[in-house]
Each structure stands twice: as structure tokens, then as C-alpha cells.
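Q: Here it is, the structure, as C-alpha cells.
Taken together, the values in this text are just the output of simple stated rules run on the coordinates, not laboratory data. Everything numeric here is computed off the predicted structure, so don't read it as measured data. Reconstructed Cβ throughout: ideal geometry from the backbone, glycine too, with neighbour counts over all protein chains shown.
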Amino acid sequence: MQKTEKQQTILTNDPSMTAWGWAVVDWNGNVIDSGCIKTAPDYKKKRIRKGDDTVRRVSEINHQLLRTIRRYNVVYVLSELPHGSQNANAAVMIGAVVGILQTICDVKKLGVEFFSEGDAKKHLLGKLSATKQETIDEIDALYKVPWTGVKYKDEAVADAMAIYHVAQYQSSALKLMKAGS
């Protein structure tokens, strides 16, 4: 589906430094496009500092998200709010991905709402814990998503769509925006 100049969309996200899942959805719940932004640490191969490599990865994510926002006239953003970490590096990455999205939304003057993974799983599947395949299967039953057949990409997109799904029921702002469109 080609976007028109007046069509406004929602960007829903499963943020991660390694596999950032996203989907662009119109006001009727149709998935217009989806994908996964993959970045990997490369500081040893490039012989650069680890911190500089993290900045490179953040920049790659920023550029791809901004391109998507412009291309599809995104006016509202939804995202999973990452939680917990197994080590200090993972904690830094959680802060980075939240910072990426919040900063883009602040600069572009886009509304953004964050939802927990647990709330999304509970609303989608009726339980807090679920396999990635259960999530994909349920999203596939509810939405027409252009699956790639690549496991990590489809998992990330399904998680992004689970956030969209819970927002349909829990976001007052989204309900008001949809009513006015």
C-alpha cells in the first residue's frame, strides 16, 4: 500500500540494540510495513573503542527509524518499555534504546507511549509468559503481517504488534486520536 500525503500512521516498536522490531499501522489497524533493524557490535573488527561502536549502532537505528517516520507520515509512536538486564552492558543498552525513541519523539514532536511486555502478553494471550511462536501465531491470526520467514525478524515484528494490540485497549490518547482521524 502506498502512502498518501494525508495518510497518518502509527509506528509500533519492540526496541533492541540487536534486533529492533517495528511496524507501521494505519488508523484501521492495517499493517502497512514492518521490519527489523539489526545492528551488531563490530568494534574489534573495526579496531575502534567499544563506546564508539555503540554510538555507531545508535546512529544506524536513528537513521532507519527517522526514514520510516518520514516515509509513512508517522504521527504517533508506541513501544515496549524494556526492563531488567542480566549485566551492566545490557542495562546500558536498555537505557540507549529508550533514549533513542524518546529523543526522536521529542525532536519530531510525536506522542509516544510505552507498554510493558507483560501487559502485552497478558492482553494478547491471557498469560504473562509465552513463547515467541505463540506470539507470532496469535498476531498472525489477528493482523495481516508480511512475515519474512526469518525467525529473529518475525519475532521482533510480532512483539511490536503485540504492543500495538495492547495499546488498542489501554491507550486513551490513541483512542482519542483515532476518533479524530
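Q: Using a Gaussian network model of the chain whose springs link C-alpha atoms within less than 10 Å, name the residue from Leu11, Leu81, Leu142 with the highest mean-square fluctuation.
A: Leu142
Q: From the phi of every residue in region 90-104, what ³J(HN,Hα) in whole Hz does the Karplus formula 6.51 cos²θ - 1.76 cosθ + 1.60 yield, where θ is phi - 60° and glycine or proline is x?
A: After applying 6.51 cos²θ - 1.76 cosθ + 1.60, I find 5, 5, 4, 5, 4, x, 5, 5, 5, x, 4, 5, 5, 5, 4 Hz.
Q: Given the options Ala167, Ala96, Ala141, state which has the largest fluctuation in a GNM of the chain using a 10 Å cut-off (strictly under) for Cα springs.
A: For the chain, modelled as a Gaussian network with Cα springs under 10 Å, the answer is Ala141.
Q: Moving to a separate point now. Just flag the trypsin sites (Lys or Arg not before Pro) in region 95-181 sitting in loop per DSSP whose Cβ has no more than 16 other Cβ atoms within 10 Å.
A: Here the sparse-neighbourhood loop sites are Lys109, Lys127, Lys144.
Q: If only Cα atoms are counted, what is the Rg of region 62-126, and what is its Dmax, in Å?
A: Cα-based Rg and Dmax for region 62-126 come out at 13.6, 37 Å.
Q: Right, next: Assuming a viscosity of 0.890 mPa s and a temperature of 25 °C, what translational diffusion coefficient in µm² per second does Stokes-Einstein assign to the chain, Rh being the Kirkwood radius over Cα pairs?
A: The calculation lands on 147 µm²/s.
Q: Taking the number of other C-beta atoms within 10 Å as the exposure measure, put Asp33, Asp159 in order starting with the fewest.
A: Going from sparsest to densest Cβ surroundings: Asp33, Asp159.
Q: For Ser171, enumerate residues with amide H under 5 Å from its amide H, sequence gap 5+ or separate chain, H modeled in the peptide plane.
A: Amide H to amide H, under 5 Å and 5 or more residues apart or across chains, Ser171 pairs with nothing.
Q: Report the convex hull volume per residue for region 90-152, counting only C-alpha atoms, in Å³.
A: Hull volume normalised by residue count: 141 Å³.
Q: While we're on this one: Tally the DSSP beta bridges in region 9-180 and give the antiparallel ones as a percent, rounded to 5.
A: Just about 55 percent of them are antiparallel.
Q: Per residue of region 60-76, what does 6.51 cos²θ - 1.76 cosθ + 1.60 with θ = phi - 60° give for ³J(HN,Hα)? Whole Hz please, x for Gly and Pro, Karplus curve as stated.
A: 4, 5, 3, 4, 5, 5, 4, 4, 5, 4, 5, 4, 10, 6, 5, 10, 8
Q: In debye, nearest 20: dipole of region 67-181 around its Cα centre with unit charges on the Cβ of K, R (+) and D, E (-)?
A: 480
Q: Looking at this model, which pairs from Lys109/Lys175; Lys122/Lys178; Lys38/Lys109; Lys50/Lys153 are more than 21 angstrom apart at the alpha-carbon?
A: Lys122/Lys178; Lys38/Lys109; Lys50/Lys153
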